[in-house]
1. Quick one: Cα centre-to-centre distance for region 266-326 and region 365-394, in angstrom?
2. Enter the angle in degrees (range 0 to 90, nearest 10) between the Cα long axis of helix 279-291 and the first principal axis of the Cα atoms of the chain, meaning the one along which they spread out most.
3. Quick one: Karplus J couplings for region 350-360, per residue in order, coefficients 6.51, -1.76, 1.60, θ = phi - 60°, nearest Hz, x for Gly and Pro?
4. Identify, among Ile113, Met189, Asn404, the residue whose Cα sits farthest towards the positive end of the charge dipole of the chain, taking +1 on the Cβ of Lys and Arg and -1 on the Cβ of Asp and Glu, with the dipole about the Cα centre.
5. Any chance you could give the angle, 0 to 90 degrees and rounded to 10, that helix 62-72 forms with the longest Cα principal axis of the chain?
6. Quick one: dipole size for region 402-457, taken about the Cα centre, charges +1 on Lys/Arg Cβ and -1 on Asp/Glu Cβ, in debye to the nearest 20.
7. Taking the Cα centre of the chain as origin, sum charge times position over the Cβ atoms of Lys and Arg (+1) and Asp and Glu (-1), and report the length of that vector in debye to the nearest 20.
8. Relative contact order (percent) for the chain, with alpha-carbon contacts under 8 angstrom and 6 or more residues of separation?
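Read-outs: derived from the displayed coordinates by stated rules, not from any lab. If you're wondering where the values come from, they're calculated on a predicted model, not measured in any experiment. Methodologically, a virtual Cβ is constructed for each residue, glycine included, from the backbone with ideal geometry; neighbour enumeration extends over all protein chains shown.
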Amino acid sequence: MKTECGISRRNFLQLGASVGMLLGLSRFKWAEAAALPDYKALVCLFMFGGNDGHNTVVPLDSTQYNAYVAARGALALPQNQLLAISDPVQGPFGLHYAMPELQALYTQGQLAILANVGMLVQPTSYAQFSLPGYPLPLNLRSHADQVVQMQTGIPNSSGSTGWGGRTLDLMEFSYAYNSTTAFPVSISMESPALFCAGSIVQNVMLQPGNDLDQDAMNLYPPAALQARAAAQAQMVSTTNGNAIIDSANAAMAGALALNPLLKSAAGTVAFQKPFPATDIGGQLQDVARMISLNAQLGVGRQVFFCSLSGFDTHGGQSYQQWDLLQQVSQALDAFYAATVQLGLANQVTAFTLSDFGRTLQPSGSGTDHGWGNHHLILGGAVKGGNIYGKFPLMTNYANFNASNDDYADNRGVMLPGISLGQYGATLARWFGAADADLNGLFATLPNFPTRDVGFVS
């Protein structure tokens, strides 16, 4: 299956970018705002298709590595290519050789790994997983369903808000963050994201490198430009009486007000470490530029969604995953350096999500859809240099039976030990949510004894 979310994201962007972006902007009334002393941002990097966690983080203990090689066959990464890292409790591991930048950040204590995360309704053992009627997330291993569930935090496909958007709702309307700003606080890059949609806070979609300049305003002499701009301003501020036209005018007015702010961020911030000239590099560069405006515009809390496609590696995985993880590593490294330069490293946390993990057992030159996966968390507030959660033992796959809970089947599908709700709740608590708020953000969280996984302070 190559469809990642029911419709080509690139085609959706081409068909609906302007409409989606402008409708999201229509709620904003632009005014000057006072700077807030407390700012935090969550930046999600979604790896569409289901990244193979088994080759992203590999155990280097000799017994576990040998079991990994036996299970992976031709897809096993040579030990001398893996980038060594260590967890003080679980021992030596290696990152995929495409990620030297992330190896350095892990070693320096800015990057943490969360092992074997997945969508769960409640803690689930292998014996329970096999029971008829046991509560499980809807349609496991389905791209369309799991993409939705990972963004909503709800173990079915009926959610209409994302956990990023709901967390912003809480911050804005329970704690009065963002109450004095008119700048967008929920922003997705390239395409709309359910993750960013709240009940009240709307998702604004922006294209990387697009500061909303209008081709129609390339006029000479200046008097002609001024006349056209004045006419446009009058048009968008005039009530027509037609709800559709009035909504479009309000959207255009919002875009006109946002344009100089985006141009200012693009023109005044020169990052000392260049961002890579890749799609994900461009997305994260624009996020860093918008983050730089927080003090100027009085933004207290923001959520961003960036994404990279191509991780559905049923074939040709060796090269394809190397290329994609290299893009991720280089872009995240530049992004973290930008937050340091802006003096905001402790106030910005980036993290990864993906549809699901993949099978340990290969399928030709690729892998099939799995369940649990390993994820990366990056930022100055991250308690890095550690692997959180129990890393599955490769020897438990080699001796697969129903007495261990690392795997859900004999193909090496990881049975999650940490739920998405626990992952998200840990980030939401750092973002400012009180413990009493978390059950409202993640309905399944009360089913789990640990509410904060501990990877961020």
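1. If we compute the Cα centre of each part, the gap is 20 Å.
2. Taking the Cα atoms of the chain, the angle to 279-291 is about 60 degrees.
3. Ordered by residue, 3J(HN,Hα) equals 9, 8, 9, 9, 7, 3, 5, x, 9, 6, 5 Hz.
4. Of Ile113, Met189, Asn404, it is Met189.
5. 70 degrees
6. 80 debye
7. Charge dipole of the chain: 240 debye, to the nearest 20.
8. Reported relative contact order: 31 percent.
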